[in-house]
1. Kindly provide the set of residues from segment 155-191 that are out of contact with any Gly (no Cβ under 8 Å at 6 or more places or on another chain), in contact (Cβ under 8 Å) with a residue 24 or more places away in the chain and of a type in the set (V, I, T), ordered by number.
2. Condition first: crowded, with 16+ Cβ neighbours inside 10 Å and either outside any loop (DSSP other than H, G, I, E, B) or among the aliphatic types (A, V, I, L, M) (or both). Now tell me which residues in segment 65-85 satisfy that.
3. Check whether at least one residue in segment 40-47 is in contact (Cβ under 8 Å) with a residue 24 or more places away in the chain and buried (at least 18 other Cβ atoms within 10 Å of the Cβ), and report yes or no.
4. Checking the conditions here, which among G114, G74, G70 is over 19 Å from the mean Cα position of the chain (by Cα) and either on the phi > 0 side of the Ramachandran plot or assigned by TED's automatic domain parsing to the domain that holds N181 (or both)?
5. For segment 47-64, enumerate the residues that are modelled with pLDDT of 90 or more and assigned to a loop (DSSP other than H, G, I, E, B).
6. Hey, T152 hits all of (1) in contact (Cβ under 8 Å) with a residue 24 or more places away in the chain; (2) in the same structural domain as A30 (by TED's automatic domain parsing) but one; which does it fall short on?
7. Please verify whether N91 is out of contact with any strand residue (DSSP E or B) (no Cβ under 9 Å at 6 or more places or on another chain) and either assigned by TED's automatic domain parsing to the domain that holds I176 or surrounded by fewer than 18 Cβ atoms within 10 Å (Cβ to Cβ) (or both), treating the condition exactly as stated.
8. Do we have A119 as aliphatic (A, V, I, L, M), in contact with a Ser or Thr (Cβ under 9 Å, 6 or more places away or on another chain), assigned by TED's automatic domain parsing to the domain that holds N181 and over 27 Å from A25 (Cβ atoms) here?
Amino acid sequence: MSDFSSIDHIKIPEPALRRLPWYLAYAQLAKTQGEVFLSSTQIAKDLAVDASQVAKDLSYVNISGKTRVGYDTGLLINVLEDFLGFTKTHNAFIFGIGNLGGALIQDNGLAQYGLKICAGFDIKYELSGTRINQIPIHHIDRFFELRKQTKTNIGILTVPVNNAQSVAELMIEGGIKAIWNFTPFRIRVPENIIVQNTSIYAHLALMFNRLHSTINE
């Protein structure tokens, strides 16, 4: 079973699961500002979410608020971090050390949320043996060997579009169970493989489209 899977996460609807990090970030900021308690009404107002929705979303995690007081801010942060898997370290390999792949390796913030990139792979032999942010870069030929040694289950896909499917298949063949796909290509995988698509280009297109509609109203 993947590190991402649990009985709790199966029960919670995906839209609610996507909102929980919003509440976590809000609570973390509120704590730095001295907020000891947070109400669902307060959270809802500042995040433009319905208060009943906030309360329902938080009902999926193991926390309850006090009447007329709200949620203990520190406890809320701890519970959300644990529920979202941010307190446990998940090792990951990254495939494709171009501009995006290199930028992700440089992002030290990922480790704060439980994702540790422990190695990078690329087809360029000249990158083999180098390091980015102290993380070793290997030729793709070494993937099977290092996957067997480390038992890493997560792969981050940042290769060019024309290589996305073939590299994804290689990752799965080597034992990767979850793929964070940063390419705009919708890779095809077996049902037991978890895929999270995060295409910055798709979101860019949405922003452009909405901006165009607004300008022409």
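The values are calculated or read from the model by the stated rules, or taken from the named source; none is laboratory data. The shown structure was predicted, so the numbers you read here are calculated from the model rather than taken from an experiment. Every residue, glycine as well, gets a Cβ built from its backbone with ideal geometry; the counts of neighbours run over all protein chains shown.
1. Hits for segment 155-191 are V161, T183, I187.
2. Pass one, segment 65-85, residues crowded, with 16+ Cβ neighbours inside 10 Å: 65, 70-73, 76-77, 79-81, 83-85.
Matches in segment 65-85: G70, Y71, D72, T73, L76, I77, V79, L80, E81, F83, L84.
3. yes
4. Values: G114 fails: over 19 Å from the mean Cα position of the chain (by Cα); G74 fails: either on the phi > 0 side of the Ramachandran plot or assigned by TED's automatic domain parsing to the domain that holds N181 (or both).
None of the other options fit; the residue is G70.
5. If the condition is that a residue be modelled with pLDDT of 90 or more and assigned to a loop (DSSP other than H, G, I, E, B), then A48, V49, D50, S59, Y60, V61 are the ones that fit.
6. Status for T152: all satisfied but (2).
7. When the stated conditions are applied, N91 does not pass them.
8. So A119 fits the description; yes.
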